[in-house]
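Quick one: this structure, given as structure tokens, is what I'll be asking you about.
Bear in mind that the values in this text are calculations on the coordinates, not laboratory data. This is a predicted model, so every value here is computed, not measured. Cβ sites come from the backbone with ideal geometry, for glycine too, and all protein chains shown count toward neighbours.
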Ligand SMILES: Nc1ncnc2c1ncn2[C@@H]1O[C@H](COP(=O)(O)OP(=O)(O)OP(=O)(O)O)[C@@H](O)[C@H]1O
């Protein structure tokens, strides 16, 4: 066994308590790391690795960071998903004989950082704890920086747990080891890496005293267990009081619209699918908040749309009012602009890390509250009045800060200069002693100049030698003997002290020390006084955030011409002139084409949308879902008119999110999503499936698509929007009462296809896939080859179709082979060069397609076939068949050359007369 030095032994002992973290071990002005920590940290932080004799024979790897710049290094490690345990010296080395005691004062983990540089202003930083008790899974989510703590539970199953975790996008998940193992296997949405910490220790007593007996006993036992684990973890890592955690918000998952993680992603509620950025998401569009707490509340609301009509109406009332009151909105915005992040300031006050500037920010924020309250009270909106009435201005807190803290305090709380004159008598005395001491020194300087006649003589101060009299070398001769004691020699000058200067210096410095100590203690007293009022400040912060959300939603609603949705408890969803809020806003030029939606018992609750690629199907389906989400968070919606029933859950199966899932095929993901949907959807749900069944062979895909649509129709009975490339599925309208065919209109002009983005009744029959490939810039050689192949495929399908008309999928016309496919548009199959570019435009609306024969723009082909049944052979094909059969039956061996000539001439004649 290696025998280490006492210091390294101490290090090893402390490290035992922080095995999964880097141990920042304080040695003087540095935090040092040793052994494996040093090896890894030197790589991760790109700092020099050195070695140190530690008594074990070989040098111990070591690296370190200066304590005053440690925050930056800690931040980097946390962002990489590590934990950092801070080990401080507990005794003053100057006054301690032997080795100072050291211990961990805090463990910084990704879910418990308090540093404002690490956590973004407008997002929460959640630590989530998950546990399982008697078949019930519980989840507690806590943001230490704001003091929020939410807890919920539901019958244990990974899917819904994963969904609930997804809402919080935690930085760290702790809890039951088995559950964590299960979750690790699942891909959780969220841009950041998640740190998992198995954790089973609980602290019921601490939790009880943290939240009070009443709140504690009201919690269901599985939730209480979960919170007790969380509190134990926080106790172990933070090692200080957590006054900001004053309330538990316990909720039922069923009280909110359920949006699984992929639906959230697909609908791009808070970030875009591709770039994973806020820009381009619904949150980005709706966020016109002025405060960070407002921004965070808005995000929470988007994550959890309500299911209770009265609560939604309450929100809509405020938005409605502000929507129509521009001036009031502006006044509110002006007041809100001046309010700092009360939640995080309060968090820092409770945590003991707030400085003088934080308290001033709190004071300045509180100064805005009376005006904000007054605006709410006089607003005429019942909701805003209710909030106004409930606002506690916290004027007493504002006054104490005002009385205590100077207007521009320094960052440090240890060096004095924070407390206002007149706040504390003893401090004022010390200050005047110090000031008069300095005055005395100034007088002494003048007096010494007089006595010695040295004009350049000056009295200065430095930390090592204290006060001194400085005389330049050339003037030394003028200095009287005896009284001056030499202290320091410089190149050009000498420094001296006198007994009276030393005496006064002791007094001045003592006063200064006392002053800074007293200032610090007065400051901490004030901070503790405020910490005792945390619940008041938190409740105020909540109200400010809520007002901010309303003004923001009202502003964006007015600007984007949204309307108040009419919420109903019924089934029918009716939207007139609906728009996709984000696509519309991004287009900016007013070119977005509005589309209505009717998903009603009478007019059909399933809309089956066919139409070419790029026609706007996905945009349309997302727009309907977004309108429902917006209505249920209490926002106006992008439409001319909208009657929205309460939707309990939205399922989306939209291709774009496939890339999120590693290791699973697109088809398996689609099927897994559909499985969840079949199990969980209720008649009050909204289902959105984009390109159903596309991940497998055509015939199987079509068969599954039909079976799923039938299931949704017969078994679930909810509203659904389904888009498909299988135009053949349009026949379902005949057998399913509640299904209606729609398509996205396109206009063909020359060799161009114009997407009209208009939803029209009836099915489409063209895909324009190759056309879109050309738009995307694929090489012409590929495009040409694709058109050629398509033509061949369609021809052979047409021949097979003509020979046998029995459908491969019951009730689905036309498909014969698994690889085969119904003829696509002749427009797409023929040469892309138009025969007559000036030909009249044709709107390929759907229903009328059966009556109106669509004009082909690509030459003199036969008109396209209707969607039902296989195409009969073309004239060309008939002719070819005749020629082939004439050649086959001709008896060449018994023909004269003239007869053979005659036959050939005959065949040529037939071809000419075609
Ligand atoms: N109503 C609309 N008005 C204006 N532009 C629109 C409209 N709907 C969609 N678009 C634009 O058309 C493009 C294609 O839309 P979308 O992705 O919805 O088509 P799609 O039919 O789902 O295509 P695909 O089948 O290839 O996925 C989008 O980039 C969008 O900006």
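Between residue 711 and residue 20, 0.36 nm times their residue separation minus their Cα-Cα distance comes to what?
That works out to 243.8 nm of additional length.
Using 1/(1 + (r/R0)^6) with R0 = 51 angstrom and r between the beta carbons of residue 902 and residue 568, what's the FRET efficiency to the nearest 0.05?
0.05
Also, I was wondering about something else. For the peptides 517-523, 213-219, 630-636, what is the packing order when you average, over each peptide's residues, the other Cβ atoms within 10 Å and list the highest mean first?
Taking the mean over residues of other Cβ atoms within 10 Å, the ranking is 630-636, 517-523, 213-219.
By per-residue mean of other Cβ atoms within 10 Å, what is the highest-first order of 550-561, 375-386?
550-561, 375-386
Which distance in Å, rounded to a whole number, links the C-alpha centroids of region 503-574 and region 280-309?
First find each Cα centre; the distance between them is then 18 Å.
List the equivalent ellipsoid semi-axes of the chain in whole Å, largest first, each obtained as the square root of 5λ for an eigenvalue λ of the Cα gyration tensor.
74, 33, 29
Further question on the same structure: Which of rounded, prolate or oblate describes region 547-617 when judged by the alpha-carbon gyration tensor and an a/c cut-off of 1.5?
Cα axes put region 547-617 in the oblate bin.
Would you please put 604-611, 569-576 in order of how densely packed they are, using the mean number of other Cβ atoms within 10 angstrom per residue and starting with the highest?
Ranking, from highest mean packing down: 604-611, 569-576.
Give, in nm to one decimal, the length gained when the segment between residue 676 and residue 206 is fully stretched (0.36 nm per residue of separation minus the Cα-Cα distance).
Net length gain for the segment: 165.3 nm.
Compute the Kirkwood hydrodynamic radius of region 425-531, taking the inverse of the mean of 1/r over all pairs of distinct Cα atoms, and give it in Å to one decimal.
The Cα-based Kirkwood calculation yields 15.6 Å.
Going by Cα centres, region 585-610 and region 16-50 are how many Å apart?
59
Also, I was wondering about something else. Gap in Å between the Cα centre of region 328-397 and the Cα centre of region 89-110?
40
Moving on to the next point. Ratio of Rg to Rh for region 533-681, alpha carbon only, Kirkwood?
1.04
R0 = 35 Å: FRET efficiency of residue 510 with residue 532, Cβ-based, nearest 0.05?
Efficiency for this residue pair is about 0.60.
Taking N as the number of residues in region 367-495, what value does Rg over Cα atoms divided by 2.2 N^0.38 Å take?
1.97
Beyond 21 Å, how much of the Cα-Cα pair distribution for region 318-418 remains, as a whole percent?
42
Evaluate the distance, in nm, between pseudo-label points positioned 7 Å from the Cα of residue 239 and of residue 752 along their respective Cα→Cβ axes.
7.1
If r is the Cβ-Cβ distance from residue 327 to residue 255 and R0 is 35 Å, what FRET efficiency results, to the nearest 0.05?
0.45
Also, I was wondering about something else. For a paramagnetic label modelled at 7 Å from the Cα of residue 338 toward its Cβ, which residues of region 403-432 fall within the zone defined by backbone nitrogen distances under 18 Å?
From region 403-432, the list is 403, 407-408.
Ok, one more. With the calculation restricted to Cα positions, what are the radius of gyration and Dmax of region 433-492 in angstrom?
12.0, 35
Mean residue ellipticity at 222 nm from the helices of the chain, using -39,500 (n - 2.57) per DSSP H segment of n ≥ 4 over the full residue count, to the nearest 500 deg cm²/dmol?
-13500 deg cm²/dmol
Here's a follow-up. Tell me the label-point distance for the pair residue 39, residue 220, using the 7 Å Cα-to-Cβ offset, in nm and rounded to one decimal.
Placing both labels 7 Å along Cα→Cβ, they lie 4.8 nm apart.
Between the helical axis of 617-633 and the dominant principal axis of the chain, each derived from Cα atoms, what acute angle in degrees is found, rounded to the nearest 10?
Between the helix axis and the principal axis of the chain, the angle is about 40 degrees.
Given axes a ≥ b ≥ c from the Cα gyration tensor, I'd like to know whether region 582-662 is rounded (a/c under 1.5), prolate (a/b larger than b/c) or oblate.
It is rounded, given that a/c, with a ≥ b ≥ c, falls under 1.5.
Show log10 I(q)/I(0) for region 120-272 at q = 0.13 Å⁻¹, two decimals, from a solvent-free Debye sum over equal Cα scatterers.
Log-scaled intensity ratios, in q order: -0.55.
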